[in-house]
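Beneath this line is the structure, given in structure tokens, with notes to follow.
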Amino acid sequence: MKTVLLAFFFLFILSCDQEDKVLSERETQLKILNTNRDLWNSKNADHYKFNQSKICYCAFENDRYDWDIEIKKGENPLIIYNSNLTDKLPDYALTIDQLFNQIESELKRDPYPYNLDVTYNSEYGFPEEFSIDIDQQIADEEYTYKNADFKIIECNSEMLTGKLVLKGICMNYVIEVLDGDIDTDLIESEWTNEMTNAVYKNVFALGSVCNFPENIEEGDTFQFSIETNGTDQTCAVCEAYSPTPEKSLRIKVCN
């Protein structure tokens, strides 16, 4: 009888010790999370973009392994997912703020996850990598988020949202204004491509051909400001013809 009672006593002590370890680990990780979330909030990153990937054995609707996210907060918020303006991200894609909330939710899970690791960015505090194995005995519930190529978007003046709708030869580019306060006299409210008869609305021809980023492809959405005192465009450009609107603007793509 004494042996049985002694065994129960040691099991009780072991159970309490394990619970204390779990509680200590949970509190430690939550403290680290909140410290980094405070750092993130202190940076006032109201406009940023990054590349995100999710690795898991789960099924989710996505046409690629990773995706690009751009977030702008404030009076005129916007979400750009894979270069497309949208009202809402897919469920599997998370903003930085949503990822903090996701990690916090997992840290408060009961029972505590079998394994949870987070790597935070030293400068901005956001989670660069977050991986979790919820239960050692269950397969296919592990997942990992990775965030890379983080960048703060900055513009020196009023910011507009545009889309490269026509990438003609020899920098004959046509840009559509999707969002922002712009003088409508500066752009064509409606323009028809004489070669294809395709009709475009709220467009202009690219005037700043020398500093337009090469990595922006036809169909991509981006942020820009109008250059009122732009530099002379003296770079070498071929002269092959491709139709563009009569009205053109010199712009600076925000970076």
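The values are calculated or read from the model by the stated rules, or taken from the named source; none is laboratory data. From a predicted model like this one, the values you see are computed outputs, not experimental measurements. Cβ placement follows ideal geometry from the backbone for every residue including glycine, while neighbour counts extend to all protein chains displayed.
The table below lists the values:
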{"read-out": "Criterion violated by Glu104 - all others in (1) in a helix (DSSP H, G or I); (2) under 17 Å from the mean Cα position of the chain (by Cα) satisfied", "value": "(2)"}
{"read-out": "Ile187 vs. criteria touching a residue at least 60 places away in the same chain (Cβ under 8 Å), surrounded by 16 or more Cβ atoms within 10 Å (Cβ to Cβ), within 22 Å of Lys72 (Cβ to Cβ) and of a type outside the set (Phe, Trp, Tyr)", "value": "yes"}
{"read-out": "Matching residues, the stretch 155-196, being closer than 26 Å to Asn82 by Cα and hydroxyl-bearing (Ser, Thr, Tyr)", "value": "Ser157, Thr161, Tyr173"}
{"read-out": "Residues of the stretch 229-251 satisfying the condition of being under 22 Å from Val177 (Cα atoms) and either modelled with pLDDT of 90 or more or among the aliphatic types (A, V, I, L, M) (or both)", "value": "Ser242, Pro243, Thr244, Pro245, Glu246, Lys247, Ser248, Leu249, Arg250, Ile251"}
{"read-out": "Breaking point among (1) within 16 Å of the chain's Cα centre (by Cα); (2) touching a residue at least 60 places away in the same chain (Cβ under 8 Å); (3) crowded, with 16+ Cβ neighbours inside 10 Å; (4) in a loop (DSSP other than H, G, I, E, B), for Ile80", "value": "(4)"}
{"read-out": "Thr192, sole failed condition from (1) free of Cβ contacts under 8 Å to residues at least 12 places away in the same chain; (2) within 24 Å of Asp46 (Cβ to Cβ); (3) not aromatic (Phe, Trp, Tyr)", "value": "(2)"}
{"read-out": "Strands (runs of 3 or more DSSP E) within the stretch 192-255 that include 2 or more residues loosely packed, with under 15 Cβ neighbours inside 10 Å and assigned by TED's automatic domain parsing to the domain that holds Leu164", "value": "199-206"}
{"read-out": "Hey, Glu176 under 21 Å from Ile79 (Cα atoms) and at pLDDT 95 or above or not", "value": "yes"}
